[in-house]
Each structure stands twice: as structure tokens, then as C-alpha cells.
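K.L.:
Take this structure, written in C-alpha cells, and hold onto it; I'll ask about it next.
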Amino acid sequence: LLLCCGDFQAVRNEADLRCMAVPAKYRHMQTFYRYYSGEKKAPVLTVFIGGNHEASNHLQELPYGGWVAPNIYYLGYAGVVRFRGVRIGGISGIFKSHDYRKGHFECPPYNQQTIRSAYHVRNIEVFKLKQLKRPIDIFMSHDWPRSIYHYGNKKQLLKMKSFFRQEVESNTLGSPAASELLQHLKPTYWFSAHLHVKFAAFMQHQTNSKEELPKATKFLALDKCLPHRDFLQIIDIEHDPNAGDSLEYDAEWIAVLKATNSLVNVTQSSWNMPENNGLHAKWDYSVTEEAIKEVLEELNHNLKIPCNFTLTAACYDPSKPQKHVEPVHTINPQTTEFCAQFGLTDINDRIQQAKEEGSVRGEYEEEEEEEEMDSTGSAEEPSEYNTDNSGLSSINPDEIMLDEEGGDEDLSTCSVDPSPDHPPDFSASFSDIRIMPDSMAVSSDDAMDSTNEELEKSGVSKQVEEKSLNERPLKRIGGNENGNSGIKKIKRRNQAIYAAEDEDKTE
């Protein structure tokens, strides 16, 4: 099973290229269209989430997840599936405070604001995931959970990415929403991408009671997919060897989707999720065992996800280029079937209805100026988090920047309040003593400065770790012998296409 944590950058045709949040000079036709058309089949079953450089129109067709091509499955805005007994969850997009409390209102053709807000994480997805009670084995997010860098080799991270220092020390780098999910779900593994650097961490969670067994999360982020970069890691995970090789629905997640269906919002209006504050009659949408049993009975205890991939767009034909094709808002049959089966609201169908009534488009045109201010962070409502410095505001030489970007971030650097999971007074002298599991081998420049005593306590063999490090030398591009890094040109897949000097900065 191959897991991809976003920036899949797959397109079906020229229209999809126009829906990617990437400047035109960086766009080129990806080979995904061959998988989409059936000309080729992905050799390995692939499960992925969206990042901030996707063909948003294609992924928007599958808000609850589905096949984007045979053997390539998208988890949706948020989702949970099972594979050979392993429970895999994920949330797509990146966190931006000014869009976090809005509904999923965007639809093709996108404008300069919605082409970016379409992949911004929304509070409803976080709320749904927080209703889960059963253990999660693997969770994926595109941007990192805030604070996770304090649980790995922070010194080495800052050597490789020195421009992260201010946000790391002020504890404002990454997604506070993902951090909230990390503390709630406590998955065995958490995988991320986005910051274009390999980084491993081990986070021991606190227990709420003496009877509760302590849990730990092994975090791993990988570099971007380029030659000589650390973009791939093979990890052995305990699974059911007798289980089939098909993806399966997760019964608890389906039950949560049914329970929260009334909360679906397709407007730009900001709103808070139900909470126990005296303003909501119901705030707990977690599901009972009876509700999960009902889902199993609906499916006749057959949780296998049907291989019902359907072409919904004309595929790219090199002999017939269509550079001026306008992206259209599409209702995907997979989503229609999924919603009909479980009694859910088809978000895209709801958006279409609103468009026909003139409410969504008319509302946007009337508030276009206000929305533009909101997209720059100058007119946003206060965030529910105690810092609005979301995503990555530092200049990241490895990240492609949209021509219109630059004022999209509130550059506040106030740190979060001290708590057990957000220790106070982190600094460059933070002790980099960590416990790394031997199942998550890292390159030598990522190695922890752990003591023998701590390794023995964690049950990790130092000899195994040293052996894995020596056997797997990995090379990097950029940075000198001292580990210093600055703004450098990055080698691309096609140097001719990317000959122009980088304007890299994260969205």
C-alpha cells in the first residue's frame, strides 16, 4: 500500500491545470491522465489526501472520498478507511484561520480567491474526526501538526531549514487544527508533507487516568518527490495477513458522517461547531455501538469499497490540445452513489442548487471586495485558536508561490499558552534527546542524540538503529557541510520547464 500526503499534482486534462494553485510557468502535464484514462494502472494500491497544489476541481468531485483513477483512492476532505485490518485516516488541505470556519462553498470555475480557499481545511472536518472513539493506526495530514517539531531532532531541522526558526521557537509553525486532532486521536503513526524536509518525531501522550494505558505517536514527514531527496520511506506495520487486499469502509466513520450530516454548510458564512457552552442542544456527535451495527447491517457486513471509478472529464489527448477549455462543476457518480447509499448530503449537488437559486454566486459578487480583504487576513473574524499565524509564513525556498500571494498571512508570532503538549520556553538550546522507534529508520543526519539508557527503556536496540542508519545513506540537495541553508534554486523534474528563478513561498 502506498500512502501519499498531498501535493499529488495529478491532472486529467488542460482544464485541470487551470484549477491548480500553481503559477502557469510551473505547470506541465502530469502523467496521471494515463492512469485516469485506463491506459496504465497504478502498480500499487494508493491512498492519498490533498495538499495545496492539486487539481481542486477533480478532488472536489469526491468530498467523501473515492477513486480518482483505478487503484488510486482519495480520502476526501476527511476520511477513514481500512486495509488489511489497518485503520487509516486523513484530512486534506492546509490550515488557514480566515477560512477555517466557513463552509465548502467553492466550485469551478475558480477565481483568484477560491482557487486557494478550495483546499483550506474547515472546522466541520476536524469536528467529524474528533467524534471518533476507536483507535486510529495511521493518520495523514498535509501540513504538520503544530508543536510536533519539539518531539524530534529540532536542532537538525533548523540546520536544514533555518528560516523555520522564528516560528519553531514561538511555536506557531504548522496547523493548530492538526495538533488538536493529534492530541485527540493519538494515532500510532502520523504522516505529513508540505514543508519539504524529512523529519521524524516520537510523541508520548499523557493519560487522563491511571487506568488508561499511555499511547505514543510516531511522526514522519518526508521531502518533496525529486531525485536525491528523502521522499519515500518503507515501514512495516502490523496487519492482518489473512485479510483481503481491498480497501474497506470504516463503519464508525460512516456512522459519524450520518450523525453529522445536518451540519453540512455550503456558504461562506463563518460558524462554530456545536460545543458544550450552553448555546447548543446537542454537541456530542460521537456514535454508539448500535449506530455502528446499523451501518454494518446496511452493508450486509460487506465493507469492501466498490471499484466504481467513472470518467467524469475528457482525458488529455496530445494530438488534440484544448488549452482554452473552461473547468466545469461536476457531480461525480461515485459521490451520488455513496450519498444515496448512506443517506448523506451531496455537497456538490447542494452547491449546484444554491447556484441555480442565485444565492452562492450572487452573495459572492456582492461581497467580493470584502472577501478579498478576508483572504489577506485583514478583515477576518477572531480565530478560535490563540494564534492566527497558520500554515508556513516563513520563506520556504522549496515551495512554489502563487504570483498573487504574499499578504495572505497574519505574521503574528505570539506563542501558544503553555500546556503539557505545548511546553513553554522552547529555544535553540532545547534538549534533543528523543526516543526513536526502530521501525522508523532515518538518515544519519536525522539521527537522534538519544542516550543508551533511554533506548533501553524504550526497548529499541541501538545496534539495529545504527545498522539501519549505516545501510541507508541518503543524499540531499542544498545546504553546505555545516547544514546551513538559504534561498537556493531547486533541481526540478524538468529543468527546462523550471528554468525561471524560484519564487518559492508556501501558500
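K.L.:
Tell me, what is the percent relative contact order of region 34-76, built from C-alpha pairs under 8 Å that lie six or more residues apart? Walk me through the numbers before you get to the answer.
P.N.:
Details: 58 pairs, mean separation 20.5, N = 43.
RCO, region 34-76: 48 percent.
K.L.:
Moving to a separate point now. I need the calculated FRET efficiency for the pair LEU213 and ASN242, taking r as the beta carbon distance and R₀ as 25 Å, to the nearest 0.05. List each step's numbers first, then the result.
P.N.:
Working: r = 26 Å, r/R0 = 1.06.
The computed FRET efficiency comes out at 0.40.
K.L.:
Continuing with the same structure: What figure, in Å² to the nearest 10, do you get for the accessible area of GLU169 with a 1.4 Å probe and non-protein molecules left out?
P.N.:
About 70 Å², rounded to the nearest 10.
K.L.:
Still on this structure: How big is the antiparallel share of DSSP beta bridges in region 110-240, given as a percent to the nearest 5?
P.N.:
Among the beta bridges of region 110-240, antiparallel pairing accounts for roughly 45 percent.
K.L.:
Moving on. With a 1.4 Å probe and all protein chains kept in place, how do THR46, THR207 rank by accessible area, largest first?
P.N.:
Final ranking, largest accessible area leading: THR207, THR46.
K.L.:
For a 18 Å ceiling on Cα separation, which of these pairs sit above it: LYS215/LYS282; LYS323/LYS355; LYS130/LYS186; LYS25/LYS96; LYS130/LYS293?
P.N.:
Over 18 Å Cα-Cα: LYS215/LYS282; LYS323/LYS355; LYS25/LYS96; LYS130/LYS293.
K.L.:
Now a separate question. Carbon and sulfur: what percent of region 239-349's accessible surface (1.4 Å probe)?
P.N.:
50 percent
K.L.:
Largest first, how would TYR149, TYR64 line up by accessible area (1.4 Å probe)?
P.N.:
Accessible-area ranking of TYR149, TYR64, largest first: TYR64, TYR149.
K.L.:
Note down the accessible area of SER56, probe 1.4 Å, to the nearest 10 Å².
P.N.:
Approximately 10 Å² for this residue.
K.L.:
Give the share of C-alpha pairs in each 10 angstrom bin for region 85-131, from 0 to the last occupied bin, in whole percents, shortest bins first.
P.N.:
With a bin width of 10 Å, the distribution comes to 26, 48, 20, 6, 0.
K.L.:
Let me ask something additional. Which of the pairs LYS154/LYS198; LYS128/LYS258; LYS40/LYS224 have their Cα atoms more than 22 Å apart in this structure?
P.N.:
Long pairs (Cα-Cα over 22 Å): LYS40/LYS224.
K.L.:
Points 7 angstrom from Cα along the Cβ direction at LEU279 and LYS25: gap in nanometres?
P.N.:
Taking the simple label geometry, LEU279 and LYS25 are separated by 4.6 nm.
K.L.:
Can I ask one more? Provide HIS324, HIS98 ordered by accessible surface of protein heavy atoms (probe 1.4 Å), highest first.
P.N.:
Result of the area sort, largest leading: HIS324, HIS98.
K.L.:
A further question follows. Using a 1.4 Å probe on the protein heavy atoms, what percent of the accessible area of region 81-138 belongs to carbon and sulfur?
P.N.:
C and S fraction of accessible area: 48 percent.
K.L.:
Using a 1.4 Å probe and ignoring any ligands, DNA or RNA, find the accessible area of LEU17 and quote it in Å² to the nearest 10.
P.N.:
About 30 Å², ignoring ligands and nucleic acids.
The values are calculated or read from the model by the stated rules, or taken from the named source; none is laboratory data. Just so we're clear, the structure is a prediction, and the values are computed from it rather than from any experiment. Ideal geometry is used to build each Cβ from the backbone, glycine not excepted, and the neighbour counts take in all protein chains shown. Keep in mind that these areas ignore ligands, DNA and RNA; they rest on the heavy atoms of the full protein, side chains included. Shrake-Rupley method; radii C 1.70, N 1.55, O 1.52, S 1.80 Å.
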